[in-house]
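Peer 1: Handing you a structure now.
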Amino acid sequence: MYKFFLYSMLMILYLGLAKALSPSELGVQYLQNEKAFSKVIKAPLATAILVDTHATGFLIKTYYQKYRVISGYDSVEEVIVRTSKEFAKKNLANIGLSLYRRIDDKEEFLPLPPGSLYIGNREFGEWKMNKKGDMKWRFNKSFKNFPKYLGWGNFRPTEEFYQQMRASVTLNQPFYGLKNEFGPKGRITQENFPHFFKDERMKKVEMKTLLIEYFKENF
């Protein structure tokens with residue numbers, strides 16, 4: 001009888017705290033899935049790069065994602081959206097990638113390296129041969145800061161990179177680079193989006209987990 005009473009009290013406490021401590025979403029747009037990007041991003045030439053994702057709330061979690069939105073000739077901005085648990089979990093493997101691209105009325109949702117919208121577009125840059133004889137993409141002076149915005153670091157895509165990326169698009173397969181340089185396990189992403197990979201982010205223990213462990217040990 002005592003255990004049943006204790007169990008009931010814990011459940012009431014669980015639900016009460018969950019309701020009281022669930023964060024407010026006022027003023028934050030909701031992104032249920034990739035189809036909702038068009039409601040958040042209005043520019044006719046834009047790419048959205050997933051730079052961070054996290055959950056808040058004591059017991060009932062609310063999921064958020066942060067995107068770096070580069071709108072062609074417009075300014076660069078970072079946008080935080082609330083999202084579904086499913087969409088947040090699905091894209092944990094796509095940190096640092098472009099999840100949305102729009103060219104006029106055409107939309108693309110395939111996860112690709114950041115900057116895929118601009119590579120090969122003569123309005124933004126051109127192919128140049130380096131000292132090793134490799135053809136690499138270089139942005140025009142007007143867009144000289146794009147590598148920084150895109151999280152490239154010292155990386156510059158080669159023609160081979162570009163061709164392989166286009167082949168992946170044809171096959172409707174995500175592309176993480178010739179050597180998987182992009183994504184949560186990729187060297188370039190880890191170097192240029194370090195906040196996501198801080199050790200303390202991996203050490204959080206949820207109250208829900210503690211309650212589950214308690215019931216396993218005592219009931």
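Peer 1: How large is the charge dipole for the stretch 134-189, taken about the Cα centre, if only the Cβ atoms of Lys, Arg (+1) and Asp, Glu (-1) carry charge, to the nearest 20 debye?
Peer 2: Once rounded to the nearest 20, the dipole reads 280 debye.
Peer 1: Provide the gained length on full extension for the span residue 78 to residue 55, in nm with one decimal, where the gain is 0.36 nm per separating residue minus the Cα-Cα distance.
Peer 2: 6.5 nm
Peer 1: Quick one: dipole size for the stretch 94-162, taken about the Cα centre, charges +1 on Lys/Arg Cβ and -1 on Asp/Glu Cβ, in debye to the nearest 20.
Peer 2: 500 debye
Peer 1: Something else about it: Tell me, in nm to one decimal, what length is gained between residue 195 and residue 123 on full extension, where the rule is 0.36 nm per residue of separation less the Cα-Cα distance?
Peer 2: 22.7 nm
Peer 1: Another one. Too long at a 26 Å Cα-Cα cut-off: which of 89/141; 89/198; 85/185; 66/198; 35/90?
Peer 2: Those over the limit are 89/141.
Peer 1: Which of 195, 79, 151 sits farthest toward the positive end of the charge dipole of the stretch 60-202, with +1 on the Cβ of Lys and Arg and -1 on the Cβ of Asp and Glu?
Peer 2: 195
Peer 1: Measuring from label point to label point, each 7 Å out along Cα→Cβ, what is the residue 158 to residue 86 span in nm?
Peer 2: Label at residue 158, label at residue 86, 4.1 nm between them.
Peer 1: If you don't mind, another one. About the Cα centre of the stretch 50-101, how large is the charge dipole given +1 on each Lys and Arg Cβ and -1 on each Asp and Glu Cβ? Please answer in debye to the nearest 20.
Peer 2: 280 debye
Peer 1: Counting only DSSP beta bridges with both residues in the stretch 27-174, what percent are antiparallel, rounded to the nearest 5?
Peer 2: 95 percent
Peer 1: Taking square-rooted eigenvalues a ≥ b ≥ c of the alpha carbon gyration tensor, is the stretch 134-182 rounded, prolate or oblate, where a/c under 1.5 means rounded and, failing that, a/b exceeding b/c means prolate?
Peer 2: Verdict is prolate for the stretch 134-182.
Peer 1: Something else about it: Residues with beta-carbon under 15 Å from that of residue 159, excluding residue 159: net charge, scoring Lys, Arg +1 and Asp, Glu -1?
Peer 2: On the way: positive: 122, 128, 132, 136, 138, 156, 166; negative: 126, 134, 160.
That works out to +4.
Here, each number is a calculation from the coordinates, and none is a lab measurement. Quantities reported herein were computed from a predicted structural model and do not represent experimental measurements. Neighbour counts are summed over all protein chains in view; Cβ atoms, including those assigned to glycine, are modelled from backbone coordinates with ideal geometry.
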